[in-house]
Amino acid sequence: MLKKLLKKRSDLARKRDEAQKRLDDLDGRIEALVGPAAMETRVQAGKDTGAVTFEYDGVRVTVTVPKVVSWNEELLQRIAQGLQAAGEDPAQYIRFRYSVPENAYTHWPDSIRRVFEPARVMVPGRPKYAFKEVGHA
């Protein structure tokens with residue numbers, strides 16, 4: 001029974017991968033076709049991000065470019081220190097997020113790990129299964 005299910009799963013995964021490859025190819029072709037018009041519309045609108053809409057070959061096309069923002073944490077730390085030195089509360093402007101790399105934590109001395117242990121929350125991830133057919137001897 002397990003072998004049949006694994007075979008069916010393998011077949012479906014292969015079909016999914018083939019379909020994804022075809023979808024990716026089509027998406028690339030569509031992007032190559034309408035991409036220049038999208039860029040021109042975006043430049044004319046003076047927009048780096050957000051949505052622009054235009055018509056192409058009788059089709060209304062809306063292209064949305066999301067904002068992806070990241071912050072330089074070292075620079076933020078210096079800014080926070082400067083705000084604090086000026087008598088401001090940095091917490092009014094900056095959300096502080098602390099994290100500990102798990103690999104570092106596991107290599108710390110026991111005395112240091114014990115200090116951090118109450119703050120460590122471990123939640124099991126989703127199980128991953130690997131199967132290999134056993135050869136016949």
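Based on this model, can you work out whether residue 88 counts as among the acidic types (Asp, Glu) and surrounded by 12 or more Cβ atoms within 10 Å (Cβ to Cβ)?
yes
Consider the range 102-127. How many of its residues are under 22 Å from the mean Cα position of the chain (by Cα) and either assigned to a helix (DSSP H, G or I) or surrounded by 10 or more Cβ atoms within 10 Å (Cβ to Cβ) (or both)?
Residues meeting the conditions: 2.
Taking the range 26-48, which residues are of a type outside the set (A, V, I, L, M, F, W, C) and either part of a helix (DSSP H, G or I) or touching a strand residue (DSSP E or B) at 6+ places or on another chain (Cβ under 6 Å) (or both)?
Hits for the range 26-48 are 27, 28, 29, 31, 35, 36, 40, 41, 42, 44.
Within the range 49-78, count every residue that is over 26 Å from the mean Cα position of the chain (by Cα) and outside any strand (DSSP E or B).
Residues meeting the conditions: 3.
How about the range 91-101: which of its residues are in a helix (DSSP H, G or I) and either among the aliphatic types (A, V, I, L, M) or surrounded by 10 or more Cβ atoms within 10 Å (Cβ to Cβ) (or both)?
The one that is in a helix (DSSP H, G or I) and either among the aliphatic types (A, V, I, L, M) or surrounded by 10 or more Cβ atoms within 10 Å (Cβ to Cβ) (or both): 91.
Values in this text are rule-based calculations from the coordinates and carry no lab data. Note that the coordinates shown come from a computational prediction; the quantities given were computed from them, not determined experimentally. Here Cβ is always computed from backbone atoms with ideal geometry, including for glycine, and neighbour counts include all displayed protein chains.
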